[in-house]
Amino acid sequence: MLRDFRSYGALTVAFTAPIVVVSGENGVGKTNLLEAISLLGPGRGLRGARAAEFGRRLPEGPLPWAVAGRFENGDWPAFDLGTGTPEGGAPERRVFRLDGAPVRSQAELAERVATLWLTPQMDRLFQDGAGDRRRFLDRLVWALEPHHAREVAAYENAMAQRNRLLAAERREGKVADPAWLSALEDAMARHGVAAAAARRGLVGRLNATLAGGITGAFPAARLDLQCGTAAALDSQPALAVEDELRAAWAANRRRDAAAGATLEGPHRADLLFTHVPKGLPAGLCSTGEQKALLVAVVLAHAGLIAASRGFAPLLLLDEVAAHLDAPRREALFAALAALPAQSFLTGTDAAIFQPLRGVAEGFLARPGELVPDSDLPVPGAG
Amino acid sequence: MSDWPGDPIEQLVGLLARLPGLGRRSARRAALKMLMQPDRVMLPLAAALQAAAAAVQPCRICGNLDTRNPCGICRDPQRDRGLICVVEGVAELWALERAHAHRGLYHVLGGTLSALGGVGPEDLAVQPLLARIAGAGEAERVEEVILALPATVDGATTAHYLSDRLVGSGVRVTRLAQGVPMGGALDVLDEGTLAAALKARRDL
């Protein structure tokens, strides 16, 4: 159920099949619909937007908005989850309600709902810097380990303070208090090693899931975490790695002050993707193959979430099918059908989803509404 | 109600709304309550505010707020003078006092280290703490410093900094335990707190 959300005035629709297809022209609100679904999980949704941006816009300003859903999941009791900005409340303050009661924390939400997505904006991941791939990985870790975000934030906070002290030293020639620097380096070591260990753990589990064949005939990917701290954890206990980091940062204060940045540490980590059937790194793959790499990782992630949380995540694939050739598309459809998740696919061309007849239910998106697609009826409903 | 500047009602509401826990709406309610009963509520409050402002000052030893200087805690002969609990502010000192769990003295730092917030060691009562420990006579020797600082990055950094500065002073440095709250169920705890509690487990 959507109310005054982006391009939608009011919309109520039931998605009963494990795969839902939404097709329609550009600009009719397909991505807005996926974004609305993404907001039912923890976080800021697939565009990373602020709450004040979601309200339908009238000339006099944005309206209060709401997104709500009833979740039915096999033997689990059904529950209602809603989010939005309350009538008369501040437009930037979003609230959640679970079965009518206020939700106190994102962690409470994470126990019920997981949303993951692939959008056309993420295609740039292979051209952009390591920071974007690191954040991509951190979001994947965070979906499984909610406290990971806090470790990363604490590490970055302590590092920003260290950089500030070293910058003041360079600018004003005043020697920074060594006890203060070592206190900050201690915080960096503790939080940085925890973050690196969580990233390393997830990459290992994703690779194991991918090697286990979760993508079926769809090309699999292999991930490689490029991080000295994570690599050190292969051969040493975490406390020893913390000690090494403390010693390295203490020894390199002059160098880091001159560079104006901390040059070593888990914040420099990068995530490399390899196309398994071809044995090629992502940088040498075609754009279609790069898309396939991302799809494979997201499929594996959905499998991990389903296994560890015990419920099916919502997988939102925006404009994904159009980038793939027919054999790969069909391999993807087969992998999705086997996945313990409810998947939502969008595309401009309804015809490419025809192989999903009998498996998926289809909708045609029109401005502000969804119409059932008679070519993709609800499976099993006649 | 008039809106012109200098209006005493608006000025009162504005001043009340600056207090912690009071928004403009509750400040307005408090102001109205006082204005309805000036003799019973408002004037006694004004007198109490004036008296407190004149009489209360920070303790020159520990930084606590009291009408006496040194404060009542520092003067109390029953208190263990070998035990100093370092807190971020007076609010934390008062919270610990309410718990009746600390039988020693206190030291108010006046904040935590924050390079981004522009708070350095010289902005905190670090030097007075070191001087207090070094200057204590034989009868009042400090045996232990308890760091009761918040479990945040800045709190942990400040604790680490202080323990570093206290190396060689001969005092034992401890910090508060972190973990399962009293009466708390385990399944609602976040993973970070659970991990800290496991790490700090002890023999029964």
| Shape call, region B:8-55: gyration tensor on alpha carbons, a/c limit 1.5 | oblate
| query | Which lysines, on any chain, are close to A:Lys174 with Cα under 29 Å apart, when same-chain ones fewer than 8 places away are left out? | reply | none
| field | For B:Asp66, distant residues with modelled amide H under 5 Å away | value | B:Gln57, B:Cys59
| request: For chain A, find the longest principal axis of its Cα atoms and tell me its angle to the long axis of helix A:178-211, 0 to 90°, nearest 10. | output: 40
| Under DSSP loop assignment and at most 15 Cβ neighbours within 10 Å, longest trypsin sites (Lys or Arg not before Pro)-free interval of chain A | A:279-382
| note | If one compares the long axis through the Cα atoms of helix A:287-309 with the longest principal axis of the Cα atoms of chain A, the angle in degrees, nearest 10, works out at 90
| said: Check which residues have an amide H placed less than 5 Å from A:Gln226's amide H, if you skip close sequence neighbours. | reply: A:Asp270, A:Leu271, A:Leu272
| message | Pairs of alpha-carbon atoms within less than 8 angstrom and 6+ residues apart define the contacts here; what relative contact order does chain A have, in percent? | response | 24
| field | Residues losing 50 Å² or more accessible surface upon assembly, region B:110-125, compared with the chain by itself, 1.4 Å | value | B:Ala115, B:Leu116
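Multiplying the sequence separation of B:Ala151 and B:Thr174 by 0.36 nm and subtracting their Cα-Cα distance, what value in nm do you get?
Values: separation 23, 0.36 × 23 = 8.28 nm, distance 1.41 nm.
Once the chain is fully extended between B:Ala151 and B:Thr174, it gains 6.9 nm.
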| request: Run the quick spin-label model on A:Leu58 and B:Leu65: label points 7 Å from Cα toward the beta carbon, then report their separation in nm to one decimal. | output: 4.7
| field | Estimated FRET transfer efficiency when R0 is 51 angstrom, pair B:Ala53-A:Arg50 (beta carbons, to 0.05) | value | 0.75
| task | Starting from the eigenvalues of the Cα gyration tensor, five times each then square-rooted, give me the equivalent ellipsoid semi-axes of region B:19-157, largest first, whole Å. | result | 34, 21, 13
| remark: Among B:Ala27, B:Gln11, B:Ala48, the residue whose Cα sits farthest towards the positive end of the charge dipole of region B:8-55 (+1 at Cβ of Lys and Arg, -1 at Cβ of Asp and Glu, taken about the Cα centre) is B:Ala27
| task | Skip the ligands, DNA and RNA, and give the accessible area per residue of region A:127-287 with a 1.4 Å probe, whole Å². | result | 44
| If the viscosity is 0.692 mPa s and the temperature 37 °C, what translational diffusion coefficient in µm²/s does Stokes-Einstein give for region A:127-287 when Rh comes from Kirkwood over Cα pairs? | 192
| message | What are the ³J(HN,Hα) couplings of region A:343-359, residue after residue, when phi is run through the Karplus curve with 6.51, -1.76, 1.60 and θ = phi - 60°? Round to Hz, x for glycine and proline. | response | 10, 10, 10, 10, x, 8, 10, 4, 5, 5, 8, 4, x, 8, 4, x, 10
| note | chain B: longest segment with zero exposed trypsin sites (Lys or Arg not before Pro), where exposed means DSSP loop plus at most 11 other C-beta atoms within 10 Å, is residues B:104-200
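So between B:Asp76 and B:Ala131, what do we pick up on full extension, going 0.36 nm a residue minus the alpha carbon distance? It would help to have the intermediate numbers written out before the result.
Values: separation 55, 0.36 × 55 = 19.80 nm, distance 2.09 nm.
Full-extension gain reported as 17.7 nm.
Is the shape of region B:116-204 best called rounded, prolate or oblate, per the rule: a/c under 1.5 gives rounded, else a/b larger than b/c gives prolate, else oblate, with a ≥ b ≥ c the square roots of the Cα gyration tensor eigenvalues?
Working: a/c = 3.16, a/b = 1.64, b/c = 1.92.
Judged from the Cα gyration tensor, region B:116-204 comes out oblate (a/c at least 1.5, b/c at or above a/b).
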| request: Could you list which residues have their amide H under 5 Å from that of A:Thr115, counting only those 5 or more apart in sequence or on another chain, with H placed in the peptide plane? | output: A:Leu314
| field | Spin-label pair B:Ala95/B:Ala46, simplified geometry with 7 Å Cα→Cβ offset, distance in nm | value | 3.6
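With a 1.4 Å probe, how much accessible area is buried between chains A and B, both sides summed, in Å² to the nearest hundred?
Numbers: alone 17520 and 13680 Å², together 29660 Å².
The contact between B and A buries close to 1500 Å².
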| query | Considering every Cα-Cα pair within the protein assembly as shown, what fraction, in whole percent, is farther apart than 32 Å? | reply | 61
| said: Can you give me the C-alpha center-to-center distance between region A:145-195 and region B:73-115, rounded to a whole angstrom? | reply: 28
| request: Give a residue-ordered list of calculated ³J(HN,Hα) values for region B:171-178 (Karplus: 6.51 cos²θ - 1.76 cosθ + 1.60, θ = phi - 60°; whole Hz; x for Gly, Pro). | output: 8, 7, 10, 10, 9, 5, 6, 10
| In nm, to one decimal, how far is the A:Gln127 label point from the A:Phe311 one, both placed 7 Å along Cα→Cβ? | 3.8
| said: Could you identify which residue out of A:Pro91, A:Pro59, A:Pro281 has the top mean-square fluctuation in a GNM of chain A using Cα springs shorter than 10 Å? | reply: A:Pro59
| request: Give the angle, between 0 and 90 degrees and rounded to the nearest 10, that separates the Cα long axis of helix A:326-338 from the longest principal axis of the Cα atoms of chain A. | output: 90
| request: For region B:118-126, just list the computed ³J(HN,Hα) in residue order, Karplus coefficients 6.51, -1.76 and 1.60, θ = phi - 60°, integers in Hz, with x standing in for Gly and Pro. | output: x, 10, x, x, 6, 8, 10, 7, 7
| Straight-line reach from A:Lys30: which lysines have a Cα under 26 Å away, not including same-chain ones fewer than 8 places off? | A:Lys291
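The values are calculated or read from the model by the stated rules, or taken from the named source; none is laboratory data. Remember, it's a predicted structure, so these values are computed and weren't measured experimentally. Here the Cβ is made from the backbone with ideal geometry for all residues, glycine too, and neighbour counts use every protein chain on show. Ligands, DNA and RNA are stripped out before the accessible areas are found, and what is left, the full protein with its side chains, is counted by its heavy atoms. Shrake-Rupley method; radii C 1.70, N 1.55, O 1.52, S 1.80 Å.
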